[in-house]
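Notes follow the structure.
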Amino acid sequence: MKFDPTMTSFFGDTLLKWYLANKRDLPWRRTKDPYKIWLSEVILQQTQVIQGLSYYNKFVQTFPTIKHLAKAKEDTVLKMWQGLGYYSRARNLHTTAKMVATIYKGVFPKTYDEIRSLKGVGSYTAAAITSMAYNMPYAVVDGNVYRVLSRVFGISTPINGTKGVKEFQELADALILKKKAGLYNQAVMEFGARYCKPTNPDCENCVLNSKCLAYSFNKVTQLPVKLKKIKIKDRYFNYFLLVDKNKNVIVHQRNKKDIWQGLFELLLIETEKETDLKTLLKSKQLNPFGKNFVVEDIHKEYKHILSHQHLHSHFYVLKFKGTFTTKHNTIALKDIQKLAWPRLIEKFLQVASYV
Ligand code: SF4
């Protein structure tokens, strides 16, 4: 794309000035340690800064270096991640730490290509780490950057199509302040997150408004353009907290390629649609227990929204009159808080006062 060459310095310099006067003081901005920057980037991928902050502090305290993280058990990492969602991030974090410990002897790699090849690290994260830790001129393009660039430069190419991804990356690469790459990247992201917001940005007082095409042509609300949304799938989860005479509970670790891989759950009967308890009690999953149980409690529907799925969940508490055998996967009810649960189940366990 062609644009006025004076725009490069105006755009970068103006944003940098704005950033230095307005930036939030965040712990990962006070370090050049690539491990800590990577950690913050993974935590913030689908999480708000305010929520991610305590997790970041907890991880840095527990695992001050990547070698400490590499030595941890996966269950410990998942447990610490509990409540943040998108658990593949925690698993990738742990796998990558082990990879760095083995391949790079515990020293975080220094080149873009090496960092990009780590598990769970895409081009955005690789650019963020290399620019912020090593000041290398790799431009980040996240949702905030797409919004700022599309508005200032008046670009209507959809940001989630192949053409748009390429076009915006090329523009970002052309705009980056090469000698201040880390600061520049943070400035443009922060500006998008806190000033050029999705709705009602304060264009009247904006430092970029003299050159902003969306503002000049009254197109702020129309940019950026996105292709149609993906279809949301509805799923129906029926969970049973099945407790035996010895106060043990049936649990299951999710291993399939699906949501919550590696986390624990209660006995689950997934159905195609809302299903009443009478029908559920006849399901094959409950067959091994005969009719040897009583329904102790029924909880209202819990809705849980994931990016591509809406989970409609019911929880039932059943008291099994017998005792579970060794072929059942169980845990003592009193130890239930030791396992890493998805947020949905954790919420139920809290409401029902089990944790
Ligand atoms: S003028 Fe408005 S749309 Fe343009 S960069 Fe500033 S806040 Fe964003």
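Rule-based calculations on the coordinates, nothing more; no lab input. All values reported here derive from a predicted model rather than from experimental measurement. All Cβ positions, glycine included, derive from the backbone under ideal geometry; neighbour counts span all protein chains shown.
Using each residue's phi in the stretch 50-67, evaluate 6.51 cos²θ - 1.76 cosθ + 1.60 at θ = phi - 60° and report the 3J(HN,Hα) Karplus result to the nearest Hz, with x for Gly and Pro.
Ordered by residue, 3J(HN,Hα) equals 4, 7, x, 4, 5, 5, 4, 4, 5, 5, 5, 5, 6, 10, x, 10, 5, 5 Hz.
Compute from the Cα atoms of the chain the Rg and the Dmax, the latter being the longest Cα-Cα distance, and quote both in angstrom.
According to the Cα coordinates of the chain, Rg and Dmax are 24.6, 79 Å.
Looking at the chain, send over the antiparallel percent of its DSSP beta bridges, to the nearest 5.
65 percent
Would you mind ranking Asp202, Asp244 by Cβ crowding within 10 Å, fewest neighbours first?
Ascending Cβ contact count within 10 Å gives the list Asp202, Asp244.
Among Thr76, Thr279, Thr65, which one shows the biggest mean-square fluctuation in a GNM of the chain, springs joining Cα atoms closer than 10 Å?
Of the options given, Thr279 has the highest mean-square fluctuation.
Under the rule of at least 5 residues apart or a separate chain, name every residue whose amide H is placed under 5 Å from the amide H of Leu263.
Placed amide hydrogens put Arg254 under 5 Å from Leu263.
With springs only between Cα atoms under 10 Å apart, run a GNM on the chain and tell me which of Leu241, Leu39, Leu26 wobbles the most.
Of the options given, Leu26 has the highest mean-square fluctuation.
Given the Cα-Cα distance of Lys23 and Tyr104 and 0.36 nm per residue of separation, how much length would full extension add, in nm?
Fully extending the segment from Lys23 to Tyr104 adds 25.8 nm.
Could you order the peptides 291-298, 159-166 from most to least packed, using the average number of other C-beta atoms within 10 Å per residue?
Result, highest mean first: 159-166, 291-298.
Sorting Trp18, Trp81 on the 10 Å Cβ count, fewest up front, what's the list? Don't skip to the end; give the middle numbers.
Working: Trp18 19, Trp81 23.
Ordered by Cβ neighbours within 10 Å, fewest first: Trp18, Trp81.
From the backbone phi of the stretch 102-118, what are the Karplus-calculated ³J(HN,Hα) couplings (6.51 cos²θ - 1.76 cosθ + 1.60, θ = phi - 60°) in whole Hz, Gly and Pro given as x?
Those phi angles translate into 7, 6, 10, 6, x, 9, 4, x, 10, 9, 4, 5, 5, 5, 4, 7, 6 Hz.
Apply the Debye scattering formula to the stretch 233-351, with a single equal point scatterer on each alpha-carbon and no solvent, then give log10 I(q)/I(0) at q = 0.18 Å⁻¹.
-0.99
Taking a ≥ b ≥ c as the square roots of the Cα gyration tensor eigenvalues, with a/c under 1.5 meaning rounded and otherwise prolate when a/b beats b/c, else oblate, which class fits the stretch 138-225?
Values: a/c = 1.77, a/b = 1.18, b/c = 1.50.
It is oblate, given that a/c is not under 1.5 and a/b is not larger than b/c.
Pull up all non-local amide H partners of Gln309: gap of 5 or more, or a different chain, and H-to-H distance under 5 Å with H placed in the peptide plane.
Here Lys233 satisfy the definition.
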